[in-house]
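Engineer: Dropping a structure here in structure tokens format, bear with me for questions.
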Amino acid sequence: QVQLVESGGGLVQAGGSLRLSCAVSGRTFSTMGWFRQAPGKEREFVASISWSSTHYTDSVKGRFTISRDNAKNMVYLQMNSLKPEDTAVYYCAAKQYMYSESYDYWGQGTQVTVSS
């Protein structure tokens, strides 16, 4: 019933921008997040958004912006000033409860490739 579907990935040059979208179905979640996983690396937290706050990993602060449209049940990740090290599969995720330790639902991911 719950489904998260990412879109918007692609190939961009360093310094460019991409806007990722996550369509959420089944229910609404208080906390949504974006994660990414590069080849040979473990999945890492990128950004999250709840009803009242946002958080970012240090490496993307000032460059990425997470937002949501509750009416459309969509979550976005605006990525600016992209760097080759941002290359990864980006996943949308949701916490069942705001204070859950981990995320409970995951999308299938969308590839972001940043060329140098």
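Engineer: Using only Cα atoms, what Kirkwood radius does the chain have, in angstroms?
Structural biologist: On the way: mean 1/r = 0.0713 Å⁻¹.
About 14.0 Å for the chain.
Engineer: Once you put a point 7 Å from the Cα of K72 and another 7 Å from the Cα of S115, both along the Cβ direction, what distance in nm separates them?
Structural biologist: 2.9
Engineer: Roughly speaking, what is the centre-to-centre gap between the range 4-46 and the range 73-106 when only Cα atoms are used, to the nearest Å?
Structural biologist: 5
Engineer: For the range 19-113, which GluC sites (Glu not before Pro) are both in a DSSP coil and crowded by at most 15 other Cβ atoms within 10 Å? Before the final figure, lay out the partial values.
Structural biologist: Details: sites: E42, E44, E85, E101; in loops: E42, E101.
Passing both the DSSP loop test and the Cβ count: E42, E101.
Engineer: Can you give the longest run of the chain that contains no chymotrypsin sites (Phe, Trp or Tyr not before Pro) sitting in a DSSP loop with at most 13 other Cβ atoms inside 10 Å?
Structural biologist: Details: sites that count: W51, Y97, Y99.
After excluding every exposed loop site, the longest remaining stretch is 1-50.
Engineer: Which loop-located trypsin sites (Lys or Arg not before Pro) does the range 28-116 contain, where loop means any DSSP state but H, G, I, E or B and the Cβ has at most 13 other Cβ atoms within 10 Å?
Structural biologist: Numbers: sites: R36, K41, R43, K61, R63, R68, K72, K95; in loops: K41, R43, K61, R63, K72.
Here the trypsin sites (Lys or Arg not before Pro) that fit, given the DSSP loop and packing criteria, are K41, K61, K72.
Engineer: Under a 1.4 Å probe, what is the accessible area of the chain per residue, stated in Å²?
Structural biologist: 54
Engineer: Here's another thing I want to ask about it. Just to be sure I understand: with springs between alpha-carbon atoms less than 10 Å apart, which residue in A88, A71, A47 has the highest mean-square fluctuation in the Gaussian network model of the chain?
Structural biologist: Fluctuation is largest for A71.
Engineer: Where in the range 64-86 is the amide nitrogen less than 20 Å from a point lying 7 Å along the Cα-to-Cβ axis of S7?
Structural biologist: Within reach of a label on S7, which here means backbone N under 20 Å from a point 7 Å along Cα→Cβ, the range 64-86 contributes 66-79.
The values are calculated or read from the model by the stated rules, or taken from the named source; none is laboratory data. These numbers come from a predicted model, not from an experiment. Quick reminder, even Gly has a Cβ in these numbers, built from the backbone with ideal geometry, and neighbours come from all protein chains shown. All accessible areas refer to the heavy atoms of the entire protein, side chains included, with ligands and DNA or RNA removed. Shrake-Rupley method; radii C 1.70, N 1.55, O 1.52, S 1.80 Å.
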